[in-house]
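Read the figures in this text as sums done on the coordinates, not as results from a lab. Keep in mind it's a predicted model, so treat the numbers as computed, not measured. Cβ: placed from backbone, ideal geometry, glycine included. Neighbour counts: every protein chain shown.
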Amino acid sequence: MLWTSAFLFVSVPQANPKNPHNLPIVNTTKEYLNLVKKDSSRVLADLEKFIPGIVLDVRYATTNNITKTVLYKQQRAFLLKPAAEKLKKVQEELAEEGLGLKIFDGYRPYAVTLLLWDAVRDDRYAASPDKGSRHNRGCAVDLTIVNLKTGTELEMPTPYDDFTEKAHLNYMKLPKQVLQNREKLINVMRKHGFETITSEWWHYDLKGWSAYPLLDLSFEELDTVHN
Ligand SMILES: [Zn+2]
């Protein structure tokens, strides 16, 4: 028996460090282009080009994030086209009140999920690499509301990526105005086809996200196929 176990152990192939759980991940531009060719809704839309007036503050392109390291080489945000189209409607609706969206993160390559998991290791706040993140599917967005003229953020319960109870959607010990601001964001996002999660006021998922594959292409790789 001992011999059999030892034999099984040595015969296990080495895990791929970039995909330790052997998940089905689209990680070459060729595979991505094939997907898009079959179904044009699989394209990742560049939000700055797709949604006029949208503001970016992509924290993983700076050291101002949980890992204190720069994880993206560029200040960019992408979402799968169906999610980007819905977000455009949100932006249009908010604009009627002189408000708009500020994006903290959108599509996130799977390689970055591995780095975040190393830093956080709590599946309430970061996706476990054995499942991957909805951000990896281009279906999740982290965002808040700003005043379009001044760029000032509406006051929300916590700053972005504050992993405390205060960021939970059921946390009520907040000033009335803050509760109203959080409610405004929830209502406008739900109205246009996004779902909330309980632990982060800033995070929204496209309804039907599970139909889309995990992706691991850098922003630079996306540029090589989009232009
Ligand atoms: Zn998120």
Helix 176-191 sits off the longest principal axis of the Cα atoms of the chain, rounded to the nearest 10 on a 0 to 90 degree scale, by 60 degrees
Sparse-neighbourhood loop hits (chymotrypsin sites (Phe, Trp or Tyr not before Pro), segment 59-115; DSSP loop; Cβ within 10 Å at most 12 others) -> none
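State to the nearest 20 debye the size of the charge dipole of the chain about its Cα centre, where the only charges are +1 on K and R beta carbons and -1 on D and E beta carbons.
Around 300 debye, computed over the chain.
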Diffing segment 48-53: the Karplus 3J(HN,Hα) column from phi (6.51, -1.76, 1.60, θ = phi - 60°), in whole Hz with x for Gly and Pro, holds 4, 7, 7, 10, x, x
When the charge dipole of segment 23-226 is computed with +1 at the Cβ of Lys and Arg and -1 at the Cβ of Asp and Glu, the Cα pointing farthest to the positive end, of S40, L174, L56, is that of S40
Counting only DSSP beta bridges fully inside the chain, the antiparallel percentage to nearest 5 is 80 percent
Quick calc: nm separation of the 7 Å Cα→Cβ label points for K191 and K131 -> 3.0 nm
So the compactness index of segment 23-226, its C-alpha Rg divided by 2.2 N^0.38 Å, takes the value 0.98
Label model pair K166, N147: point-to-point distance (7 angstrom along the Cα→beta-carbon line) in nm is 2.2 nm
Over the chain, the sum of -39500 (n - 2.57) across DSSP H runs of at least four, divided by residue number and rounded to 500 deg cm²/dmol, gives at 222 nm -9500 deg cm²/dmol
Tilt, helix 110-120 to longest principal axis of the chain (alpha-carbon atoms), in degrees rounded to tens, equals 80 degrees
Between T62 and N16, the two model label points (7 Å from Cα along the beta-carbon direction) sit apart by a distance in nm of 3.4 nm
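Mind scanning K37/K88; K38/K131; K18/K89; K166/K191; K68/K88 and naming the pairs with a C-alpha gap bigger than 29 Å?
Violating the 29 Å Cα-Cα cut-off are K18/K89; K68/K88.
Over all pairs of distinct alpha carbons, what does the Kirkwood formula give as the hydrodynamic radius of segment 131-216, in Å?
Values: mean 1/r = 0.0724 Å⁻¹.
Roughly 13.8 Å, rounded to one decimal.
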